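Bear in mind that the values in this text are calculations on the coordinates, not laboratory data. In this text the structure is predicted, and so the values were computed from the model without any measurement. When we count neighbours, we look across all protein chains shown, and the Cβ atoms used for this are built from the backbone with ideal geometry, even at glycine.
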Amino acid sequence: MTISEQINEDIKTAMKAREASKLSALRDVKSKLMLEMTKEGADGSVDDAGAMKVLNKLYKQRIEAATIYKEQGRDDLFEEEMSQAVIIKAYLPEQMSSEDLRTHMEEIIARVGAVSMADIGKVMGVASKELSGKADGKAINEMVRAILG
């Protein structure tokens, strides 16, 4: 079952269980997936890799919005954003630990033959493809800079 199909099934379940917050989050995900399917150059479907990109983006947006609401003292909106972020995160793969990320990055750096910060582009290209969905791009970049720097 693809991620899109799973989202559709979970929407039905949330409707039957009358889970308003979960339903709202899943409908937002579905609408973004539909936009991805119908954008120019798309073939009318979204593979799991494309769905992961959409989910990651939505998750980050929810966390950023929650942070802003917390800073502004809007605890009601903060709680809503965080609950939706938790729902979206359930569809994302488990993020790599810092130790696992370091191990993978050292292996990629050795394979690419990077020796200085000038090689960061080559490393980031390979790492972004291999670790897509498993580690945040910012965390990958910071780890590469720590190892090469």
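Numbers at a glance
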item: Between the stretch 1-62 and the stretch 84-149, the alpha-carbon center distance in angstrom; result: 25 Å
item: Rh by Kirkwood over Cα pairs, then Stokes-Einstein D for the stretch 98-148 at 0.890 mPa s and 25 °C, µm²/s; result: 234 µm²/s
item: Contact order normalised by residue count of the chain, Cα under 8 Å, 6+ apart, percent; result: 19 percent
item: Selection from Val112, Ser132, Val144 lying farthest towards where the dipole of the chain points positive, charges on Cβ; result: Ser132
item: Among Lys12, Lys30, Lys129, residue whose mean-square fluctuation peaks in a GNM of the chain (springs only between Cα atoms under 10 Å); result: Lys129
item: Set of lysines near Lys53 by C-alpha distance (under 22 Å), chain-local residues within fewer than 8 positions excluded; result: Lys22, Lys30, Lys32, Lys39, Lys89, Lys122, Lys129, Lys134, Lys138
item: Approximate spin-label separation Lys30-Glu107, in nm, with each point projected 7 Å along Cα-to-Cβ; result: 3.9 nm
item: Eligible lysines near Lys70 by straight Cα distance, threshold 16 Å, same-chain separation 8 or greater; result: Lys60
item: FRET efficiency, 1/(1 + (r/R0)^6) with R0 22 Å, evaluated for Lys60 and Ser132 via beta carbons; result: 0.95
item: Contour minus Cα-Cα distance for Arg145 and Thr13 (0.36 nm per residue); result: 43.1 nm
item: Estimated D of the stretch 22-149 in µm² per second, where Rh is the Kirkwood radius over Cα pairs and Stokes-Einstein applies at 25 °C, 0.890 mPa s; result: 149 µm²/s
item: Check: the stretch 41-149 dipole with +1 on Lys, Arg Cβ and -1 on Asp, Glu Cβ, in debye; result: 360 debye
item: Hull-based mean projected area of the stretch 3-89, where the convex hull spans the alpha carbons, in square nanometres; result: 5.8 nm²
